[in-house]
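Data first, discussion second: the structure below is written as structure tokens.
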Amino acid sequence: MLHDALRADSTIAAAVAAAGRLMSAHAVLQEDIRARVAEVSASRRRLQLAVDEERRRLEQRLASTAESRLAGMSDELRRIPRPGDAHLARAMDQLERTLLDLHDAARGLYPRELAGGLTSAVAALSSRCPVRVVHSVTHRRFHPEIEMAVYYLCAEALTNVAKHASASAVRVEVEVRLGALVVTVADDGMGGAAVAGGSGLQGLLDRVESVGGTLRVDSEPGAGTTLAAEFPPGGQP
């Protein structure tokens, strides 16, 4: 019986040792997974920052070269004393249209409105939206990547409202709660939007998550759509 007891103790000890090794291996695996997730997240953020910085440089180059030259040509043409000349009028019209197209293209690369902060940027987006927009935006400034994410979130949301929601009004709120930046875009439209529905929401989700934020989409059919994003504390410059 003593022999059987010793053998049982040995079996238990081996099982305990094996369980310990398994738990240790599991802990190492979990730590490795966390490190890889953090690495992927950091890589996504670096990539997004690099893209935004390149957009900023391209916008500045367009503004300082092509736009300024075309604007100078427009001023020169205005000084030509040939009133009533149809060819000159058409040339002026085409030049003005080209300037507007170039300005829109540059704005698509990097929004100049952000130079004045989120308050002026959201106001500019709201003024261009064909649906009535009521907006309330904090005057505080945040890191450029956070402000860019908020800008494109609002821009894409308002574009979706105008194109798909059949809404009569939309509310945009950008506020600070407990140190975190919270963005809400809510419309009274038809609802039914989905991240996988090709509405651009997946791209917004990726951008928000790339700077450490979270995005929730509530869009029950017939109950409108609400996008709620939250960016963690510490986003101020």
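The values are calculated or read from the model by the stated rules, or taken from the named source; none is laboratory data. Every value quoted in this text rests on a predicted model; they were computed, and no experiment measured them. Cβ coordinates were reconstructed from backbone atoms using ideal geometry, including for glycine residues, and neighbour counts include every protein chain displayed.
Numerical summary
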quantity	calculated
Subset tally (residues that are at pLDDT below 70 and either surrounded by 15 or more Cβ atoms within 10 Å (Cβ to Cβ) or of a type in the set (D, E, K, R) (or both)) for segment 99-120	9
Segment 159-215, residues that are under 13 Å from the mean Cα position of the chain (by Cα) and among the charged types (D, E, K, R)	Asp206, Arg207, Glu209
Candidates Gly212, Gly191 - the one that is in a loop (DSSP other than H, G, I, E, B) and surrounded by 18 or more Cβ atoms within 10 Å (Cβ to Cβ)	Gly191
Residue list for segment 131-153, filter: assigned to a helix (DSSP H, G or I) and β-branched (Val, Ile, Thr)	Ile146, Val150
Count of residues meeting criterion [crowded, with 17+ Cβ neighbours inside 10 Å and closer than 22 Å to Glu230 by Cα] in segment 156-188	15
Verdict on Gly222 being crowded, with 22+ Cβ neighbours inside 10 Å, assigned to a loop (DSSP other than H, G, I, E, B) and either modelled with pLDDT under 90 or not β-branched (Val, Ile, Thr) (or both)	no
